[in-house]
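Read through the structure below, which is laid out as structure tokens, and then see the notes.
The values are calculated or read from the model by the stated rules, or taken from the named source; none is laboratory data. If you're wondering where the values come from, they're calculated on a predicted model, not measured in any experiment. No Cβ is skipped: glycine too gets one built from the backbone with ideal geometry, and neighbour counts run over all protein chains shown.
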Amino acid sequence: MHLPTPKLIFVAGYLLTISCGQEPTLRLKLKTDIRAKEMLRNLHINIRDIHIQPIGFGLTIDHQITPEWIPLPPLHNRIDAFDAQKKAIVIAQFQPPKNRYQRLFLRANRITGINRFGDTVELENVLEPIGMELQITGKRRREITLTLIVLKGIRNPKKLSIYAKDIEVD
Amino acid sequence: MNRKTLLLAILNLTLSPLFINCGATESTEGCPQLEYVGSGPIPTNFTSNQQLLSIDVIYPAYEKGEKFVFIDARPPSDYKIDHIKDAISLPFYDAERCAPSLPSNAWYVTYCACPHNESQHAAEALEKAGFKNVWVLDEGYLEWKKRGYPITPPKREIHENSTLDS
């Protein structure tokens, strides 16, 4: 089939627009900062769910997911935290509704640490919603990098806890 | 001054900068500047033997302008959205590193939204560094907001189906 050049340009432009529109506009990456390396040989995080909260809503004291939170389907259920320390891992790609968002909440249902002797290490799960400034317009792809941190207790250095440390929005 | 003494002096001047920082710990770069919530007397009601102190004790001292420092121990992105008016941002994971940049004889109250996991970590880091007067806002930041106490920026309109403040 032979198409005249203007028609070809139009079809190409149309296809480009369609394909761009279908691309996920939000990509979420995960990084870790493990400050207790000598106590851990392996650390795996089982992701329960990930949500973002539109602007203008509050938090409950017990950090419940209330109806306005929008779920981001995770790409992986289990993350190797040591891998995520070397390089940020993409954990969700999604096209949320056009809006402004103010918080991200990654919940873990299990955090498994193993020490150099092969024994299980207990970690306190202190993951909670973290603030951010994110606007989804649909025109521009956005990337968020969430950093989790593993810290030793100050009074009890044998106690390890995992927290949401920081968030970068490109 | 003989030649030997002169050589030793030059050697000393040359090498001494290399040893000046030998005992130094981590850098305090990026650590917050001290800012008191008030210029009045030091708090007289912070008498609990426990590290956790109730908002009902802390808020009256804040309102009267007593001289203490509010430390927001949450991540900086949370502080940026809103925080207790006149609080400084010192994230829990930086408290140990930044302690040397703050006066150990001042009075401090740390807070977070957990309601007190991050704030307690920060308080313990300051205590480890020799600070004597460090307290933790027991009920946390969300209770402070819920009560309508001063925050920066001022409280915004909330959605009807919001469970709490925004």
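Which one of the conditions (1) modelled with pLDDT under 95; (2) in contact with a His (Cβ under 7 Å, 6 or more places away or on another chain) does B:P115 fail to meet, given that it meets all the rest?
Against the list (1) modelled with pLDDT under 95; (2) in contact with a His (Cβ under 7 Å, 6 or more places away or on another chain), B:P115 comes up short only on (2).
If I ask for residues that are at pLDDT 95 or above and either surrounded by fewer than 15 Cβ atoms within 10 Å (Cβ to Cβ) or aliphatic (A, V, I, L, M) (or both), which ones from region A:155-168 would you list?
Of everything in region A:155-168, those that are at pLDDT 95 or above and either surrounded by fewer than 15 Cβ atoms within 10 Å (Cβ to Cβ) or aliphatic (A, V, I, L, M) (or both) turn out to be A:L160, A:I162, A:A164, A:I167, A:E168.
Which condition breaks for A:H76 when tested against (1) within 14 Å of chain B (Cβ to nearest Cβ); (2) of a type outside the set (G, A, S); (3) assigned to a loop (DSSP other than H, G, I, E, B)?
Unmet condition: (1).
For A:V90, are the conditions met, namely being at pLDDT 95 or above and either farther than 25 Å from B:A125 by Cβ or not aromatic (F, W, Y) (or both)?
When the stated conditions are applied, A:V90 passes them.
Looking only at residues that are part of a loop (DSSP other than H, G, I, E, B) and among the charged types (D, E, K, R) in region A:40-71, which one is nearest to the other protein chains (Cβ to nearest Cβ)? Talk me through it step by step, then tell me what you get.
Keep residues of region A:40-71 that are part of a loop (DSSP other than H, G, I, E, B), which gives A:40-41, A:55-69.
Okay, now just the ones that are also among the charged types (D, E, K, R), so A:41, A:62, A:68.
Values: A:R41: 22, A:D62: 10, A:E68: 7 Å.
Among residues in region A:40-71 that are part of a loop (DSSP other than H, G, I, E, B) and among the charged types (D, E, K, R), the one nearest to the other protein chains (Cβ to nearest Cβ) is A:E68.
Between a residue in region A:109-125 that is closer than 22 Å to B:C114 by Cβ and any residue that is part of a strand (DSSP E or B) and of a type in the set (S, T, Y), which pairs come within a Cβ distance under 6 Å, given they are 6 or more apart or on different chains?
Within 6 Å, the pairs are A:E124/A:S161.
Go through (1) at the interface with another protein chain (Cβ under 9 Å from one of its Cβ atoms); (2) surrounded by 13 or more Cβ atoms within 10 Å (Cβ to Cβ); (3) free of Cβ contacts under 8 Å to residues at least 24 places away in the same chain one by one and return the number of the condition A:Q102 breaks.
Only one criterion is unmet by A:Q102, namely (3).
What is the one condition in (1) more than 30 Å from A:P67 (Cα to Cα); (2) modelled with pLDDT under 95 that B:K155 does not satisfy?
The number of the failed condition is (1).
Do you know which of the residues in region B:129-154 that are within 19 Å of B:S48 (Cα to Cα) and without any contact (Cβ under 8 Å) to a residue 60 or more places away in the chain is nearest to the other protein chains (Cβ to nearest Cβ)?
Applying the first criterion (within 19 Å of B:S48 (Cα to Cα)) to region B:129-154 yields B:130-140.
Going one step further and asking which of them are without any contact (Cβ under 8 Å) to a residue 60 or more places away in the chain, we end up with B:130-132, B:140.
Working: B:G130: 13, B:F131: 12, B:K132: 16, B:G140: 7 Å.
Once the filter is applied, the top-ranked residue is B:G140.
In region A:22-54, which residues are modelled with pLDDT under 95, under 19 Å from the mean Cα position of the chain (by Cα) and either surrounded by fewer than 18 Cβ atoms within 10 Å (Cβ to Cβ) or closer than 28 Å to B:W144 by Cα (or both)?
Scanning region A:22-54 gives A:E23, A:P24.
Before we move on, is B:I42 hydrophobic (A, V, I, L, M, F, W, C), modelled with pLDDT under 95 and more than 19 Å from B:L90 (Cα to Cα)? Give the steps one after another, and end with the answer.
Numbers: hydrophobic (A, V, I, L, M, F, W, C): yes; modelled with pLDDT under 95: yes; more than 19 Å from B:L90 (Cα to Cα): yes.
Spelling it out, B:I42 is indeed hydrophobic (A, V, I, L, M, F, W, C), modelled with pLDDT under 95 and more than 19 Å from B:L90 (Cα to Cα).
Of the residues that make up region A:86-103, is at least one of a type in the set (A, V, I, L, M) and touching a Pro at 6+ places or on another chain (Cβ under 7 Å)?
yes
Exactly one condition in (1) more than 14 Å from every other protein chain (Cβ to nearest Cβ); (2) of a type outside the set (S, T, N, Q); (3) out of contact with any His (no Cβ under 8 Å at 6 or more places or on another chain); (4) within 30 Å of A:P157 (Cβ to Cβ) is false for A:L26; which is it?
Tallying (1) more than 14 Å from every other protein chain (Cβ to nearest Cβ); (2) of a type outside the set (S, T, N, Q); (3) out of contact with any His (no Cβ under 8 Å at 6 or more places or on another chain); (4) within 30 Å of A:P157 (Cβ to Cβ), A:L26 fails exactly one: (4).
What number of residues within region A:117-170 are aromatic (F, W, Y) and over 17 Å from A:F105 (Cα atoms)?
1
Would you pick out the residues in region A:113-170 that are outside any strand (DSSP E or B) and within 11 Å of another protein chain (Cβ to nearest Cβ)?
Correct list: A:L127, A:E128, A:P129, A:G153, A:I154, A:R155, A:N156, A:P157, A:K159.
Sort out which residues of region A:42-68 are hydroxyl-bearing (S, T, Y) and touching a Lys or Arg at 6+ places or on another chain (Cβ under 8 Å), and write them in order of number.
none
Take the residues of region B:73-85 that are over 20 Å from A:I55 (Cβ atoms) and of a type outside the set (K, R): which is farthest from the other protein chains (Cβ to nearest Cβ)?
So, considering only residues that are over 20 Å from A:I55 (Cβ atoms) and of a type outside the set (K, R), the one farthest from the other protein chains (Cβ to nearest Cβ) is B:I84.
Do we have any residue at all in region B:126-144 that's of a type in the set (K, R) and modelled with pLDDT under 95? Break it down stepwise before answering.
Our first condition is that a residue be of a type in the set (K, R); within region B:126-144, this holds for B:128, B:132.
Subset that is modelled with pLDDT under 95: B:132.
Yes, region B:126-144 has at least one match.
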